[in-house]
Amino acid sequence: MTYVKAEIASQPDCWRMAAKLSDSAGLPVRGERVAVVGCGTSWFMAKAYASLREQAGHGETDAFQASEFPHHRRYDRVVAITRSGTTTEVVELLNGLGGRTPATVITTDSAQPAAVAATDTIVLDFADEQSVVQTRFATSVLALLRAHLGEDIESVAADAEVAVRLPLPVHPALAEQITFLGRGWTVGLAEEAALKCREAAMFWAEAYPAMDYRHGPISIAAPRRVVWAFGEVPVGLADDVEATGALFVHSRHHGGYAALGSWCGGRAPLDPMADLVLAQRVAVLLATSQGLDPDNPRNLTRSVVLA
């Protein structure tokens, strides 16, 4: 078994452990103006959390790639997500704040430069990974942040336990391309799902906000291609996709949208974060079916440390 396969399966327990840290010092308090930063996968989790925090009424929340942080803006707190704690752009950003803005780092190692530069550090060492490809650390960060917003992570973890066992909706021999869609906070999940397919399997995958998909990207939909939606689905989108011959995949969110596709087996709807677990599993299968090593993707390292 690859490391990443075991790490994917461990996510329900990791999320429960992360939720227990939801009262940690340094997490944003209601009313603070917050910027959340990260790179790659961590940026996508930042985007999901920023949307959820504003939706929950906790305050203005922006998400940025660490390299694109707008230093001219004033925030009450910066939250940085970095698995390794060594990512150059994150470390430089934190050092550049110079203590003027409180900064919280969520990481796996308190001894690394990002943690040293932070005002507060939350360590998810139980969610660290041996695989280069991130799965459980990123989702455990989001579980922690969702729990801090008052969400019930136990139900989300229970959905993930289903997701690690469900038959997969996409078979490598039958799909040549996948487009992932999301709305609101699930746009970040869609972007992360597409990244996992590209990283682990060098597979053609894209991601878009669901409402924007019909403004151009739907032009590539066709037989042997898949459109996979997270969370809320715009009215009529499934019909538009299916008219192209593409397969439409959707595990119904709590909002009351119908589960499409016999692969769901009539089960209750999955939380979108549990649906991401399914997409992670698909990415690994796409890799291994080609004889690729999903733990060590081409051209990637565990952390980007620039000279």
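The values are calculated or read from the model by the stated rules, or taken from the named source; none is laboratory data. Quantities reported herein were computed from a predicted structural model and do not represent experimental measurements. Neighbour counts run over all protein chains shown; Cβ positions are idealised from the backbone, glycine included. Surface accessibility is based on the protein's heavy atoms, side chains included, excluding ligands, DNA and RNA. Shrake-Rupley method; radii C 1.70, N 1.55, O 1.52, S 1.80 Å.
Taken as a whole, the structure places P209 among residues that are open to solvent by 30 Å² or more (accessible area, probe 1.4 Å), within 15 Å of the chain's Cα centre (by Cα) and modelled with pLDDT of 95 or more.
Of the residues making up segment 29-44, those that are within 16 Å of E68 (Cα to Cα) and touching a Gly at 6+ places or on another chain (Cβ under 9 Å) are V34, W43, F44. Looking at A115, A80, A46, just one residue is outside any loop (DSSP other than H, G, I, E, B), under 20 Å from V187 (Cβ atoms), touching a residue at least 12 places away in the same chain (Cβ under 8 Å) and not acidic (D, E), and that residue is A46.
Here's the yes/no breakdown for (1) among the aliphatic types (A, V, I, L, M); (2) surrounded by fewer than 24 Cβ atoms within 10 Å (Cβ to Cβ); (3) within 12 Å of the chain's Cα centre (by Cα):
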residue: V36; (1), (2), (3): yes, no, no
residue: Y49; (1), (2), (3): no, no, yes
residue: E54; (1), (2), (3): no, yes, no
residue: G57; (1), (2), (3): no, yes, no
residue: S67; (1), (2), (3): no, yes, no
residue: P70; (1), (2), (3): no, yes, no
residue: Y75; (1), (2), (3): no, yes, no
residue: S84; (1), (2), (3): no, yes, no
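Residues that are part of a loop (DSSP other than H, G, I, E, B) and open to solvent by 10 Å² or more (accessible area, probe 1.4 Å) within segment 130-147 comprise Q130, V132, Q134, listed in sequence order. Note on segment 148-163: residues that are assigned to a loop (DSSP other than H, G, I, E, B) and open to solvent by less than 40 Å² (accessible area, probe 1.4 Å) total 1.
May I ask you to say which residue of W228, W263 is modelled with pLDDT under 95, aromatic (F, W, Y) and open to solvent by less than 50 Å² (accessible area, probe 1.4 Å)?
W263
Residues in segment 171-180 that are outside any helix (DSSP H, G or I) and either open to solvent by 40 Å² or more (accessible area, probe 1.4 Å) or modelled with pLDDT under 95 (or both): H171, E176.
Filtering segment 64-77 to residues that are free of Cβ contacts under 8 Å to residues at least 40 places away in the same chain and either hydrophobic (A, V, I, L, M, F, W, C) or more than 16 Å from L189 (Cα to Cα) (or both) leaves F64, A66, S67, E68, F69, P70, H71, H72, R73.
Residue count for segment 93-103 satisfying the condition of being in contact (Cβ under 8 Å) with a residue 24 or more places away in the chain and either farther than 16 Å from V123 by Cβ or hydroxyl-bearing (S, T, Y) (or both): 4. Here G31 fulfils each of the conditions (1) within 20 Å of L124 (Cα to Cα); (2) in a loop (DSSP other than H, G, I, E, B) apart from (1). Residue check: is T88 out of contact with any strand residue (DSSP E or B) (no Cβ under 8 Å at 6 or more places or on another chain) and either at positive phi or surrounded by fewer than 23 Cβ atoms within 10 Å (Cβ to Cβ) (or both)? Judged against the criteria, T88 is a match.
For segment 92-129, residues that are within 19 Å of the chain's Cα centre (by Cα), open to solvent by 20 Å² or more (accessible area, probe 1.4 Å) and among the charged types (D, E, K, R) total 2.
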